[in-house]
Amino acid sequence: MNSVSRWVRAAGRPWAPSLLFSLLALSSALANGPDDTKPRPTATKASASAIDQLFVDGLKQDKVKPSAEASDAEFLRRVYIDMLGRIPNIQEAGSFLESKDKGRKAKLISGLLTHPDFAKNFATEWSIVLLGRKNQGRDVDRAALLSWLRKQVAADRPWNEVAFDLIGASGSNKENGAVNFTMAHMEDGAINLTSITTRAFLGQQIQCTQCHDHPMPPNTWKQADFWSINAFYKGLRSERVMKPDATGAEVYAYTEVRDESTTDHATYEQRNALIGVAFPRYLDGTPLEKYGEVNRREQLARLITEKDRNQLARAFVNRVWGKFMGRGFVQPVDDFGPHNSPVHAEMLERLTEDFLASNFNVKELYRTVASSKAYALTSMTTKDNEKDETLFSHMALKPMTPEQLFDSLITATSAHKTAGGDFDAVRSRWLGQFTVTFANDEEGESSNFQGTIPQALMMMNGDLMDGATGGKAGSFLRDALDKSRTQRAPARFIVNRLYLAALGRYPTNSEVSNASAFLGTNPDSIAVVEDLFWSLLNCNEFVLNH
């Protein structure tokens, strides 16, 4: 591999594919819902322009100059990863980069919003928010939740309706996938369910007040606040339903979640050793009326999605902005409060107002953020903004999630076609290997990987990489080699194809020259071409979403 290392170092890119550099960087980086019958307006050019102006004014106020606009190739790769959870394939990349259409970026964004992988990626990301990366509880059906989430996005349901159904879902966890969110966290008195509900939907962390009042001035949340929300779950019940199989034996069929009327209250131990009592009461002090006669969880869902709709919208906007930009206006994205002031506060409020005006239209929010000036900037810093880590004066370097990394490898290599059998089974097996190796200890959301050298080596030398770069029948590499034999300049053809597939761009003249010299007079040698492709797939430019 020494010859490969020499070649990649000669490429001269700011994130040039140096094997040692990429290894070190990878290891450290690595029902009855609300009645919404109103029309759903789309974001206007005026509102998008206003958001961009607020961004520019905010940078001027802080005396920070933005970086230049990203190149077409940089933007293309970034928006595919953020929208679809994968890099563009070679046909998608080539088509966009060769287009002369002045409106190609807007058309690209519109196309991605209607792509089947958009709903799939949204469902994947939110299943991690709601469940973590490992199923919570023995009967949690992640596949049913994923399917349910995909259907909501495909149907363009407003976010407040989706949130209502997730918070208040009941019935079979097989037939109603939304039930699995509640089911995953309802054990131990629904303590986890209490904290994750406010974090995921309101962006507010009250979990530390389970044991004491919030320690940070101005002491936003009290211990009673946590347990008053927990009291909404006192009527929550679940039952495993058994049914006979083909042999007549009773086997598990599904879990049913339901709410029963109750007059129960929550009790908790205070710091002074006395026992506190909490009845259902919302965070703003609103008590639950007729608390013995209503479905408490449904009422909590209504309070969050109707009474507190501004914070529901603000929390979703901040989470989406953080997904695209690498950090939210409020960071962490689920920690709103007086103790944590947002940056570009006027931008956050204008985006929230527009999201509310659109009737919680998820795709229009995604369109607005993806079309913004901030999102269009390059990740290359200047001497004027190299120290800025909060104002979005340049795009942040974002390590791919395990899911993005897996799907991007598959997109670049067609490795799944070399494994045979059902693709979903292949993905599940390989992705299980990735998440066990790469995910954080909590198996939940993660903004970066706590990687190690062995993990990086697994990425480089594991079974997945063998299938990806081994030139097996059906793989991208085998197809490229076969086609190169009909080309007048086979070495240049191979180099162009490898760069476009792996990095979503054409190589520079210097890269073509160095790579061609590396390939030598035998560009159809599978071993030589494999080394080159292997290097590109393991460089920082591939692993990082920039």
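Each value in this text was obtained by applying a stated rule to the coordinates, not by laboratory testing. Because the structure is a prediction, the values reported are computed rather than measured. Backbone-built Cβ (ideal geometry, glycine too); neighbour counts: all protein chains shown.
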(request) Among the lysines, select those whose C-alpha is under 18 Å from the C-alpha of LYS472, and discard any that sit fewer than 8 residues away in the same chain. (result) LYS417, LYS483
(request) Would you please calculate the Kirkwood hydrodynamic radius of segment 247-385 over all C-alpha pairs and express it in Å, rounded to one decimal? (result) 19.1 Å
(request) Scan around ALA70 for amide H atoms under 5 Å from its own, H built in the peptide plane at 1.01 Å from N, and keep only partners 5 or more places away or cross-chain. (result) LEU377, THR378
(request) Starting from the Cα of GLU239, move 7 Å in the Cα-to-Cβ direction to define the label point; list residues of segment 154-191 whose amide nitrogen is under 16 Å from there. (result) 170-174
(request) Report, to two decimal places, the Cα Rg of segment 51-126 normalised by 2.2 N^0.38 Å (N = number of residues). (result) 1.33
(message) How far apart, in nanometres, would the label points at ASP384 and HIS265 be if each is projected 7 angstrom from Cα along the Cα-to-Cβ direction?
(response) 6.1 nm
(message) With θ taken as phi - 60° and the coefficients 6.51, -1.76 and 1.60, list the Karplus ³J(HN,Hα) couplings across segment 186-203 in order, rounded to whole Hz; mark glycine and proline as x.
(response) 8, 6, 6, x, 6, 5, 5, 5, 4, 6, 6, 5, 6, 5, 6, 9, 10, x
(request) Quick one: which residues, 5+ away or cross-chain, put their amide H under 5 Å from the amide H of THR255? H built at 1.01 Å from N. (result) ASN173, LYS174, VAL241
(message) With the cut-off at 1.5 for a/c, could you classify segment 42-193 from its C-alpha gyration tensor as rounded, prolate or oblate?
(response) prolate
(request) Return the subset of LYS107/LYS398; LYS134/LYS398; LYS363/LYS383; LYS65/LYS398 for which the Cα-Cα distance in this structure is over 28 Å, preserving the input order. (result) LYS363/LYS383
(request) List every residue whose amide H lies under 5 Å from the amide H of ARG133, counting only residues 5 or more places away in sequence or on a different chain, with H placed 1.01 Å from N in the peptide plane. (result) GLY444
